[in-house]
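Take a look at the structure below.
The values are calculated or read from the model by the stated rules, or taken from the named source; none is laboratory data. Everything quoted here is computed from the prediction, not taken from an experiment. Glycine also receives a Cβ, built like all others from the backbone with ideal geometry; neighbour counts cover every protein chain displayed. Note: accessible area is taken over every heavy atom of the protein model, side chains too, but ligands, DNA and RNA are not part of it. Shrake-Rupley method; radii C 1.70, N 1.55, O 1.52, S 1.80 Å.
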Amino acid sequence: MSRGTIVLVDDDSKFLETMSRTLEQAVGDNLEIVAAGSSEEGLGSLYRIRSEGKQLDLVITSQALPGIPGTRFLEIVQSQFPGVIKILVSDRPNLEEAVYAFNNAGLDRYVSKPWEPEDLKFTVTSLLRQAAMRRTNERLLVDLQKRNAELREALRELKEAKQEVENSYFSAIQSLAVALEAKDRYTAGHSQRVSRFAMMIARGLELAGSEVRTIGQIGLLHDIGKIGMDERVLNKPGKLTKEEFEMVKQHPVIGAQILAPVRTLDGHISGIKHHHESWDGTGYPDGLKGEAIPLPARIICVADSFDAMTSTRPYRPGRTLEEAIVEMRRCEGVQFDARCVEAFVSILQREAGPESTAPPKVAAAG
Ligand SMILES: [Fe+2]
């Protein structure tokens, strides 16, 4: 690392010589001392030092100089060589002069002649130490800002990668949901319809847009836990045996387990796990009761049951809209949350019109 530099400016050669010697003793090991007899010569030295790529540390000048006075010289130094420490030495201390130099030339210290060599040493070494600390702090700050920016970038990339993994996992699960429905042509489109009905109910309950979207996704995935279950049991037209029913009852829990690795789907999992709970506590898997059942699960329950009632099966025709509404109302406070039923019924009646007996149409799965 190159040595730093101190530039001394005074037209009194004796004073210059004394000061050079004093500084040489104090900081001569680390700094080169350059003496100049006038402001013009001092500026010439400063430009030369900079053009040689050396570090400029300190300028000490007298106020009383032939040509450019010390205060004006330091103003030029301030604008051309920012960061250099500046000391102004005056034969006749003058408050106005000092204030001017502090305000306009970024003066660091104002001193009066005569100067005790020990005072000079102390002032110069302490100012140099402060400047070195300031430079170190600035370097550390720049380094810290750079590292922070790198960290932020790494975090952003990590989030993107995580989102990508979760998106592809979500797409894979959606494909599974479509595959699940393909196993039985009578339930084709069921998840899409449940999704749409659930969103209608959520909007009727005036939930926020993001909640409505989440509930729509829960509708698409609510029966994902049936993947891998025996389709003869799932599609059995008659009553299930006790063992068969116990197996089917596992699907909400299995569905929740399938989605568990996707952190962004945390809000979906309880809706899937509890969509077969009953308002009166007789449902499964946990026998939750009333408002202990998560609202998305209560909504899916109504939407799921409505689609099951109105869909035609090989062994029975689908119910009309009126019949389904009567049935949902009969089960209010027993199987269903009355608020969800009422919100759904008012939308169904408004959308269907007074004459209609058919359930609302939903586009088939793509
Ligand atoms: Fe289900």
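Short version: ³J(HN,Hα) in whole Hz for each residue of the range 270-277, in order, from phi by Karplus 6.51 cos²θ - 1.76 cosθ + 1.60 (θ = phi - 60°), x for Gly and Pro, what are they?
5, x, 6, 5, 10, 6, 10, 6
By how many nm would the segment from MET247 to ARG3 lengthen if fully extended, with 0.36 nm per residue of separation less the alpha-carbon distance? Kindly include the intermediate steps, with their values, before the conclusion.
Details: separation 244, 0.36 × 244 = 87.84 nm, distance 8.31 nm.
Result for the pair: 79.5 nm of gain on full extension.
Share of antiparallel DSSP beta bridges in the chain, in percent to the nearest 5?
5
Using alpha carbons only, how many degrees (0 to 90, rounded to 10) separate the axis of helix 95-105 from the longest principal axis of the chain?
50
List the trypsin sites (Lys or Arg not before Pro) within the range 150-256 that fall in a DSSP loop (any state other than H, G, I, E or B) and whose Cβ has at most 15 other Cβ atoms within 10 Å.
Values: sites: ARG152, ARG156, LYS159, LYS162, LYS183, ARG185, ARG193, ARG196, ARG203, ARG213, LYS226, ARG232, LYS239, LYS242, LYS249; in loops: LYS183, LYS239, LYS249.
Of the trypsin sites (Lys or Arg not before Pro), the ones in loops of the range 150-256 whose Cβ has at most 15 other Cβ atoms within 10 Å are LYS183, LYS239, LYS249.
Can you give the FRET efficiency to the nearest 0.05 for ASP12 and ARG135, using r as the Cβ-Cβ distance and R₀ = 35 Å? Can you show the working numbers first?
Working: r = 32 Å, r/R0 = 0.91.
It comes to 0.65.
Apply the Karplus curve 6.51 cos²θ - 1.76 cosθ + 1.60, θ = phi - 60°, to the phi angles in the range 279-290 and return the couplings in whole Hz, x for Gly and Pro.
So the J values, rounded to whole Hz, are 3, 8, x, 9, x, 9, x, 10, x, 5, 10, x.
I'd like to know how the range 155-221 sits against the 2.2 N^0.38 Å rule of thumb: what's its Cα Rg over that expected value?
On the way: Rg = 14.7 Å, N = 67, 2.2 N^0.38 = 10.9 Å.
Taking the Cα Rg and dividing by 2.2 N^0.38 Å, one obtains 1.35.
For the range 183-352, what is the convex hull (Cα atoms) projected area averaged across all directions, in square nanometres?
For the range 183-352, the mean projected area of the Cα convex hull comes to 9.6 nm².
Which FRET efficiency value, to the nearest 0.05, is calculated for ARG232 and THR282 with the Förster distance at 41 angstrom and r the Cβ-Cβ distance?
Numbers: r = 27 Å, r/R0 = 0.65.
Efficiency computed from Cβ-Cβ geometry: 0.95.
Please give every one of the lysines within straight-line cross-link reach of LYS121, meaning a C-alpha to C-alpha distance under 19 Å, and leave out same-chain neighbours fewer than 8 residues apart.
By straight Cα distance, LYS121 reaches LYS14, LYS86, LYS113.
Taking the Cβ of LYS113 as the centre, find all other residues whose Cβ is under 14 Å away and add up their charges (Lys, Arg: +1; Asp, Glu: -1). The partial results should precede the final answer.
On the way: positive: LYS14, ARG92, ARG109; negative: ASP10, ASP11, ASP12, ASP91, GLU97, GLU116, ASP119.
Around LYS113, the surrounding residues sum to -4.
Averaged per residue, what accessible surface does the chain expose to a 1.4 Å probe, in Å²?
Details: 19790 Å² over 366 residues.
Spelled out: the 1.4 Å probe surface of the chain, per residue, equals 54 Å².
Roughly how many nanometres apart are two label points built 7 Å out from the Cα toward the Cβ at GLU327 and SER168?
Taking the simple label geometry, GLU327 and SER168 are separated by 4.3 nm.
Evaluate the charge dipole of the chain about its Cα centre and quote only its size in Debye, nearest 20, assuming +1 on the Cβ of each Lys and Arg and -1 on the Cβ of each Asp and Glu. It would help to have the intermediate numbers written out before the result.
Numbers: 46 positive and 52 negative charges, 269 e Å.
In total the dipole reaches around 1300 debye.
Between the range 1-55 and the range 254-278, how many Å separate their Cα centres?
Each part's Cα centre sits 76 Å from the other's.
Can you pull the one-decimal nm distance between simple spin-label points at ARG21 and SER346, each 7 Å off the Cα toward Cβ?
10.1
Starting from the Cα of LYS121, step 7 Å toward the Cβ, then list every residue of the range 20-56 with an amide N under 13 Å from that point.
Of the residues in the range 20-56, 21-29 have backbone N under 13 Å from the label point off LYS121.
Which loop-located chymotrypsin sites (Phe, Trp or Tyr not before Pro) does the range 294-358 contain, where loop means any DSSP state but H, G, I, E or B and the Cβ has at most 13 other Cβ atoms within 10 Å? Each step should come with its number before you reach the end.
Working: sites: PHE306, TYR315, PHE336, PHE344; in loops: TYR315.
Listed in order of number, the matching sites are TYR315.
Helix-only estimate, please: 222 nm mean residue ellipticity of the chain, summing -39500 (n - 2.57) across DSSP H runs of length 4 or more and dividing by its residues, to the nearest 500.
Values: 14 runs with 213 residues, N = 366.
One gets -19000 deg cm²/dmol as the mean residue ellipticity at 222 nm.
Put +1 on the Cβ of each Lys and Arg and -1 on the Cβ of each Asp and Glu in the range 4-142; which of ASN137, SER112, GLN25 then has its Cα farthest toward the positive end of the dipole?
Positive-end residue among those listed: ASN137.
Along the charge dipole of the range 183-352, Cβ charges K/R +1 and D/E -1, which of GLY267, SER305, CYS331 sits furthest on the positive end?
Going by the Cα projections, it comes out as SER305.
Once you wrap a convex hull around the alpha carbon atoms of the chain, what is its projected area averaged over all directions, in nm²? Intermediate results must be reported in sequence, preceding the final value.
Numbers: hull surface 129.7 nm².
Computing the convex hull of the Cα atoms and averaging its projections yields 32.4 nm².
Give the peptides 166-177, 319-330 in descending order of average Cβ contacts within 10 Å, highest first. Provide the component values of the computation, followed by the final result.
Working: 166-177: 14.6, 319-330: 16.5.
Output ranking for 166-177, 319-330: 319-330, 166-177.
Can you list the equivalent-ellipsoid semi-axes of the range 239-333, largest first and in whole Å, using the square root of 5 times each Cα gyration tensor eigenvalue? Walk me through the numbers before you get to the answer.
On the way: eigenvalues 119, 57, 39 Å².
Value: 24, 17, 14 Å, ordered largest first.
Please give the length that would be gained between GLU160 and LYS113 if that part of the chain were fully extended, namely 0.36 nm times their separation in residues minus their C-alpha to C-alpha distance (nm, one decimal). Write down the numbers at each step before the final one.
Working: separation 47, 0.36 × 47 = 16.92 nm, distance 6.65 nm.
Net length gain for the segment: 10.3 nm.
Using 7 Å Cα-to-Cβ label points, what is the THR320/GLN145 separation (nm, one decimal)?
7.5
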